[in-house]
Amino acid sequence: MKTVTFQAKDKKLGAGGKGLPIPKNANQIAMAAGPDATERANETLAETRLRDPSAVDEQFPTAAHIESDPRDPMLALKAELVEDNLKAQEKAGSDKPLPGVTPFGVLQAKDSDFQRLIEIRERELEKQFEQWFATNFDRMDPTHKAMARQLFGKFYNDRLNNLDTNLETTKRIARLKITGPQTKEDLYLMYAMEAGLIDTDYLDNILHPERVERNQQEEARQKNYRRGMFNPKRFVRGDWGLKDRMVNAKNITGRNSEEQFGNTFRFGTEGKPFTVQGNVSAAEEKQTNFRKTLSMLENDDTVEL
């Protein structure tokens, strides 16, 4: 089995969970497995016959969207300080609150801050493509599966890597329960378990990850995606001209309605998979939207599920 590295390698505990064996794939996500990238209930999957060539295969989670950059905590901290102090100025009766003014001085947005936002937002399209691929190519029967694997092997390799992480976490927890703590790292693991720092949903459902509640809820999937990865760029998904994507999709497919050509044109809007900017509309996604992005950073709505 592939060796998986956990944060416990740091040998000591530190701020932000450093040193604790918290799996790095805590915000893993799975694609929606229903028709046209909609949710699929457990009951529906249970009633689907094995190797049904018309059905999307059971979707295993991936952590390939999760990334951590040293610039991210500083970026979030700047946004929070600005927001908090604007509110404080307004509460103190200021008619014209001064953005950037904090108790520690005036904050400045550097080019590197904007560059990081651009890098993050450009990753968004990758997961939208994966959702489209899962919906249209990752079928249950071996023939379709083999073709899909040949066309886009990374889709499956990412999920195998994530599976290794989940298996290793499960193994460590099970071994600890059998033997009791034998090392300092075991004590860290025991503490992390009892402190509620390890989400066992995926560990308890390794064979059937679609049973995990977050896989059945688009809102939960979206929040996990955003927590695993920040976001921004000049335009959210590129600049394809003045028309809405629905109009372009309708024209290029020669079909008259969503029923005929699917709802891929909705990806990234109205909270559909996957957007780090939240519920942008079809009109807003054609704008630069840095204001929307700043609002998203200042008012984090990914905490409550």
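The values are calculated or read from the model by the stated rules, or taken from the named source; none is laboratory data. All figures in this text were calculated on a predicted structure; none of them were measured in a lab. Here the Cβ is made from the backbone with ideal geometry for all residues, glycine too, and neighbour counts use every protein chain on show. Ligands, DNA and RNA are excluded from the accessible area calculation, which covers all protein heavy atoms including side chains. Shrake-Rupley method; radii C 1.70, N 1.55, O 1.52, S 1.80 Å.
Brief remarks follow.
- Within region 25-68, trypsin sites (Lys or Arg not before Pro) in DSSP loop having at most 12 other beta-carbon neighbours inside 10 Å: R49
- Accessible surface, per residue, of region 32-138 when the full set of protein chains is kept, probe 1.4 Å, Å²: 59 Å²
- Coil-residue chymotrypsin sites (Phe, Trp or Tyr not before Pro) of region 120-224, DSSP, other Cβ within 10 Å capped at 10: none
- Here is the list for region 109-181: trypsin sites (Lys or Arg not before Pro) lying in DSSP coil, each with at most 16 other C-beta atoms within 10 angstrom of its C-beta, are K110.
- Relative frequency of Cα-Cα separations exceeding 18 Å in region 91-228, percent: 74 percent
- Note on I178 and E90: the model spin-label points, each 7 Å out from Cα along the C-beta direction, lie 5.7 nm apart.
- Based on Cα contacts under 8 Å between residues 6+ apart, region 68-224 shows a relative contact order of 11 percent.
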